[in-house]
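Visitor: What follows is a structure written as structure tokens; I'll ask about it next.
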Amino acid sequence: MKRRALLAALPLLLSASEPRLVPDVSDTRIDIAYSFTGAELLLFGAILYPGGAPPAADTEIAVVVKGPSEALLVREKAKIAGMWVNHASERFGSVPSFYAVATSRPLDKIVSPRTAAIYELGIGDLLLSPPNGANADEQARFQAGLVDLKRRAGLYAEHIGAVSIREGVLYRAALPIPARVPVGNYTAETFLIRNGRVVAAASRDIAIGKSGFERFIAAAAETQPLLYGLVAIGLSLLLGWIAAVAFRRAR
Amino acid sequence: MTGLANPSNLASMHLYLPIAGLSVNILVIVLLGVGVGVLSGMFGVGGGFLITPMLIFYGIPPAVAVASSATQITGSSVSGLLAHSRRKGVDYRMGWVLVAGGAVGSLAGGGVFRLLQKSGQIDTVVGILYVALLGWIGLTMGRESLGALIAQRRGTAPAVPPKKSRRLISALPMRWRFYGSGLYISPIAPFLLGLVSGLLTVLMGVSGGFILVPVMIYLFGVSTRVVVGTSLFQGLFVTATTTLVHALTTHAVDLVLAALLLVGSVTGAQIGSNLVQKIRPEVARLILAVIVLLVAVRMALGLGWRPDAIYTVQAL
């Protein structure tokens, strides 16, 4: 009897040693409408300690928001005959179109390099599905170029110290979403980190999409290209004609 | 609506472009359209050679910039064309021959474009084309208009040396009479010119005007009264075709971007076609020559300077 009770309690005992995450996000859907100039995504939640244990001081949080993956061709320019021309290129099979990480303290202070690599914590630890047939140096060069472009566009970002933890129990992080954000299905992952290791993780899905008129236009361009093109021409003819008539009246 | 009444709010009003996938400042895009429209009405050049690089500089994806500026040029061409046709400044016969050539040229251009895009050399080829063409046109036009201005000041007739090219053109068989242009030449010459301009429209996102106008004036000897109107007439058809080709193949025409540009450019085209009446044609041509040369120099420097980004990304 005593033994059975112990067995039943085993899963509880195992998970009981580490805290648990209860995450939430401010929006599970971000609509891009006519006046969209970016958004702020709020990721927050609670850290539950087993058996009412007191909150630990060394608990850290990292939050990662990732956009849909895309296949990219990266070209490199070189000076040939006095001109900068594309001379080499590499294919990357799956590159996250958006990547933002927010942490409570500098990444190298809270996780080991090994953990950072396994969980893709930090822009430098992203695995951009290496291109085939290229040597390591060249791979690294193209990846650095690609990451630099993404950083400049605001699509890759690290927000160190952007996660605040209150009394070791409640955490919150505000991540800016830039205006040029690609549409698609995003994931927001929250990692609970202690002693350099990830002890709990939780994930939420976020959809970023065009809404209303913007969605209609984008869909029409894809599904009704002929009609769309004719409407574009019609619109330009109409506006041109209106201006001509209006100016003749005005004179 | 209170936002519209306040000028500081208007200056910061942003609109999201559904195809380009980013927000732009409404005022910047509309003013860009006005500037290009004025050039279009004054000189019969679509202004694509200015607007496409500027849109790309603003951060609009190149394919969207090229496709949407074609749509915008159609509108400013209509606006300018109506103004010119009221003054009988269009040679429709010459115009149709140019349109026929342009149609063939833009179809051929579509094939060349895809080929160059695949090899990744489209930017370099377009850059070299820009520098060579704009440089040549700017120098020719600048020298001629400056010579005409100096001759006027001295009170002498401008010296027009007989050109080898004109003799070549008049040697072509099957001559037609073009009354508006005051020419008796073979339609093969304007057809070929239309073809080249159609090719360039697709490749460079510019209306054919900036090559049509100088070639018609300097090589054909078309009466300057009808040059701008006729060039606009041809540009109208070729850019409309280009819009359709882009809508069907690249899906890169952004209606919102085109509409914003159009609002500015159709107004600008009216202002421009009135403005050009008030200044002497030689002065107008000199101004155009200077603008064209400045763009050419900037483009040439751009080819040689170390670019801001060594790496570029293309979606697969």
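The values are calculated or read from the model by the stated rules, or taken from the named source; none is laboratory data. As the structure is a computational prediction, the values presented were derived from the model and not from experiment. For neighbour counting, all protein chains shown are included, and Cβ atoms are generated from backbone atoms with ideal geometry for every residue, glycine included. The area values use the complete protein model at the heavy-atom level, side chains included, leaving out ligands, DNA and RNA. Shrake-Rupley method; radii C 1.70, N 1.55, O 1.52, S 1.80 Å.
Visitor: Between A:ALA78 and B:TRP136, how high is the FRET efficiency from 1/(1 + (r/R0)^6) when r is the Cβ-Cβ distance and R₀ = 35 Å? Nearest 0.05.
Guide: 0.80
Visitor: Another question, then. If I model a spin label as a point 7 Å beyond the Cα along the Cα-Cβ vector, how far apart are those points for B:ILE128 and A:ILE160 in nm?
Guide: That separation, rounded to one decimal, is 4.6 nm.
Visitor: If one takes the accessible area of chain A alone plus chain B alone and subtracts that of the pair, with a 1.4 Å probe, what total in Å², rounded to the nearest 100, results?
Guide: Separately minus together, A and B give about 4800 Å² buried.
Visitor: Which residues of the range B:281-316 show a drop of at least 50 Å² in accessible area when all protein chains are present, compared with their chain alone (probe radius 1.4 Å, heavy atoms only, ligands and nucleic acids excluded)?
Guide: B:LEU303, B:ILE310, B:TYR311, B:THR312, B:VAL313, B:GLN314, B:LEU316
Visitor: So, with +1 on the Cβ of K and R and -1 on the Cβ of D and E, and no other charges, what is the size of the charge dipole of the range B:29-125 about its Cα centre, to the nearest 20 debye?
Guide: 280
Visitor: With everything on Cα atoms, drop me the angle between helix B:255-278 and the longest principal axis of chain B, reported from 0 to 90° to the nearest 10.
Guide: 30
Visitor: Give me the net charge of B:PRO18's neighbourhood, meaning all other residues with Cβ under 14 Å from the Cβ of B:PRO18; Lys, Arg count +1, Asp, Glu -1.
Guide: Combined, the nearby Lys, Arg, Asp and Glu give -1.
Visitor: Would you please state the base-10 log of I(q)/I(0) at q = 0.16 1/Å for chain B, with intensities from the Debye formula using one equal scatterer on every alpha carbon?
Guide: Here log10 of I(q) over I(0) equals -1.38.
Visitor: Counting only protein heavy atoms and using a 1.4 Å probe, what share of the accessible area of the range A:168-210 belongs to carbon plus sulfur, as a whole percent?
Guide: 48
Visitor: Using a probe of 1.4 angstrom, how much of the accessible area of chain B is carbon and sulfur, in percent?
Guide: 71
Visitor: So how many Lys-Lys pairs in the protein assembly as shown land under 26 Å Cα to Cα, not counting same-chain pairs under 8 apart?
Guide: Step by step, the pairs that qualify in the protein assembly as shown add up to 11.
Visitor: Now for a separate question. Give the angle, between 0 and 90 degrees and rounded to the nearest 10, that separates the Cα long axis of helix B:281-304 from the longest principal axis of the Cα atoms of chain B.
Guide: For helix B:281-304, the angle is close to 50 degrees.
Visitor: Also, I was wondering about something else. Mind pulling up the Rg/Rh value for chain A? Radius of gyration and Kirkwood radius, both on Cα.
Guide: With Rg and the Kirkwood Rh in hand, the quotient comes to 1.14.
Visitor: To the nearest 20 debye, what charge dipole does the protein assembly as shown have about its Cα centre, counting +1 at the Cβ of each Lys and Arg and -1 at the Cβ of each Asp and Glu?
Guide: Using only the charged Cβ atoms, the result is roughly 2120 debye.
Visitor: Does anyone have the angle between helix A:225-250 and the longest principal axis of chain A? Alpha-carbon axes, 0 to 90°, nearest 10?
Guide: 50
Visitor: With +1 on each Lys and Arg Cβ and -1 on each Asp and Glu Cβ, and nothing else charged, work out how big the dipole of the range A:23-166 is about its Cα centre, in Debye to the nearest 20.
Guide: Taking the Cα centre of the range A:23-166 as origin, the dipole is about 340 debye.
Visitor: Find the centroid of the Cα atoms in the range B:28-71 and in the range B:278-316, then give the distance between the two in whole Å.
Guide: Spelled out, the Cα-based centre of one part sits 13 Å from the other.
Visitor: Moving to a separate point now. Would you work out which of A:SER164, B:THR140, B:ILE122 lies farthest towards the positive end of the dipole of the protein assembly as shown, given +1 charges on the beta-carbon of Lys and Arg and -1 on that of Asp and Glu, about the Cα centre?
Guide: Value: B:THR140.
Visitor: Provide the per-residue ³J(HN,Hα) series for the range B:246-251, in order, calculated from phi with Karplus coefficients 6.51, -1.76, 1.60 and θ = phi - 60°, each as a whole number of Hz, with x at glycine and proline positions.
Guide: Per-residue couplings from phi come out as 5, 4, 7, 9, 8, 6 Hz.
Visitor: Using the heavy atoms of the protein chains alone and a 1.4 angstrom probe, what is the accessible area of the range B:177-267 per residue in square angstrom?
Guide: 26
Visitor: Tell me the Rg and the Dmax, in Å, that the Cα atoms of the protein assembly as shown produce.
Guide: Rg and Dmax of the protein assembly as shown, Cα atoms, are 30.1, 122 Å.
Visitor: Provide, for q = 0.21 Å⁻¹, the log10 of I(q)/I(0) from a solvent-free Debye sum over equal Cα point scatterers in the range B:1-150.
Guide: With one equal scatterer per Cα and no solvent, log10 I(q)/I(0) is -1.49.
Visitor: May I ask you to give the solvent-accessible area per residue for the range B:11-163, in square angstrom, as obtained with a 1.4 angstrom probe?
Guide: Averaged over the residues of the range B:11-163, the accessible area is 41 Å².
Visitor: Which residues of the range B:224-257 show a drop of at least 20 Å² in accessible area when all protein chains are present, compared with their chain alone (probe radius 1.4 Å, heavy atoms only, ligands and nucleic acids excluded)?
Guide: In the range B:224-257, residues shielded by partner chains: B:ALA240, B:THR243, B:LEU244, B:ALA247, B:LEU248, B:HIS251, B:VAL253, B:LEU255, B:VAL256.
Visitor: Across the Cα atoms of the range A:21-84, what radius of gyration and what greatest pairwise Cα-Cα distance (Dmax) are found, in Å?
Guide: Both quantities, over Cα of the range A:21-84: 22.0, 72 Å.
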